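The values are calculated or read from the model by the stated rules, or taken from the named source; none is laboratory data. Keep in mind that what you see is a predicted model, and the values were worked out from it rather than measured. Backbone-built Cβ (ideal geometry, glycine too); neighbour counts: all protein chains shown.
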Amino acid sequence: MAFKMSVQKYSGKISEVEIGTGEKAIKIGGENTLPFYNFDGVAGNTQKVGIEISDVYPEGWTDSFKEMYKEVADCPVKWAKYVEANTKADFICLKLVSADPNGLDKTPEECAQVAKEVAQAVSLPLVIAGCGNHEKDGKLFEKVAQTIDGYNSLFLSATEDNYKAVGAAATMAYSHKVSAESSVDINLAKQLNVLLTQLGVKSENVVMNVGSSAVGYGYEYVASTMDRIRLAAFGQNDKTLQMPIITPVSFESWNVKESIASEEDEPAWGCIEKRGIAMEISTAVSSLVGGSNAVILRHPESIETVKELVSALA
């Protein structure tokens, strides 16, 4: 008897979202099957890998990054141009750290000008991340969205606290996409998607950020949440969860002990840079096989490795 492969067909499909403009614009989503299950259906667009940069010198980053970017880290425009020319990233994530009220507390206008200069200097799509203060980010994203209108950027992220300001500015007043950030819970993810669409944001302009953690640090909650979201989107045809997922891996993986403990403190662990890369790659791959359509990384070596894996599995 001839072998007949069992095929799992789903009724649901993830929406396709385009970020950026011109030849280097990227599309994520579009699949109607689980990640890399090409044999079950349409795999959609290849998963994308972005690189994180900051609008200020990265004092908190490990020494290997400071050495790597020593000629450009003091200028976000130079930094953006450098990573575009010297890494294999599909997009750039500009994190506006300087807006933090507990830090430099720069105004939205100042940060918007930096974002504009970066957008004008590179051709890769931009993901704009805030400072983490939801109230400040709401005001920040409004101004940045206006200033870089026309670049079709993704704003990371709208939360339950500021989704009205961010959603209205990014996708309704100006031509951008918005990421809906929830805290590793399918119901919270669904609720925020519903709130955004009720506000008037089109679902095809929404990308989900369902939360992340470094592997070994409660990642099983991230994995189970992604599984539930994707199975509901495909198997139950739940349209409120049929958006692509982006995961800011670097925000988590480079802050855990394995990535920052010095070789003097942990001599048995080996090279600190290699440890950080290993944590980042492990977390990124786990996110991609779990359902993420795009990941944000920090180290160029991590990006190269993850892109090779995606290419081999796609």
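Computed values, structure above
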read-out: Where GLU263 falls short, out of the listed (1) surrounded by fewer than 22 Cβ atoms within 10 Å (Cβ to Cβ); (2) assigned to a helix (DSSP H, G or I); (3) out of contact with any His (no Cβ under 9 Å at 6 or more places or on another chain); (4) not polar (S, T, N, Q); value: (2)
read-out: Filter result for the condition that a residue is aliphatic (A, V, I, L, M), closer than 22 Å to SER203 by Cα and either crowded, with 21+ Cβ neighbours inside 10 Å or at pLDDT 95 or above (or both), over ALA89, ALA25, ALA73, ALA85; value: ALA25
read-out: Subset of the stretch 152-167 that is over 23 Å from ALA25 (Cβ atoms) and polar (S, T, N, Q) - its residue that is surrounded by the most Cβ atoms within 10 Å (Cβ to Cβ); value: ASN162
read-out: Residue count for the stretch 146-187, restricted to those that are in a strand (DSSP E or B) and within 17 Å of ALA232 (Cβ to Cβ); value: 1
read-out: Of residues in the stretch 29-70 being within 30 Å of ILE229 (Cα to Cα) and polar (S, T, N, Q), the one surrounded by the fewest Cβ atoms within 10 Å (Cβ to Cβ); value: ASN38
read-out: Residues satisfying the stated conditions in the stretch 57-94, i.e. outside any helix (DSSP H, G or I) and touching a Gly at 6+ places or on another chain (Cβ under 8 Å); value: THR62, ALA89, ASP90, PHE91, ILE92, CYS93
read-out: Among residues of the stretch 168-191, those that are without any contact (Cβ under 8 Å) to a residue 40 or more places away in the chain, buried (at least 19 other Cβ atoms within 10 Å of the Cβ) and not β-branched (Val, Ile, Thr), counted; value: 7
read-out: Scope the stretch 2-25; condition touching a residue at least 24 places away in the same chain (Cβ under 8 Å), more than 15 Å from GLN120 (Cα to Cα) and in a loop (DSSP other than H, G, I, E, B); matching residues; value: MET5, VAL7, GLN8, LYS9, TYR10, SER11, GLY12, LYS13, ILE14, SER15
read-out: Considering residues of the stretch 188-221 that are in contact with a strand residue (DSSP E or B) (Cβ under 9 Å, 6 or more places away or on another chain), in a loop (DSSP other than H, G, I, E, B) and among the aliphatic types (A, V, I, L, M) only, the residue farthest from ASN255 (Cα to Cα); value: VAL201
read-out: Checklist (1) under 17 Å from the mean Cα position of the chain (by Cα); (2) within 25 Å of ASN38 (Cβ to Cβ); (3) surrounded by fewer than 22 Cβ atoms within 10 Å (Cβ to Cβ) applied to SER311, failing item; value: (1)
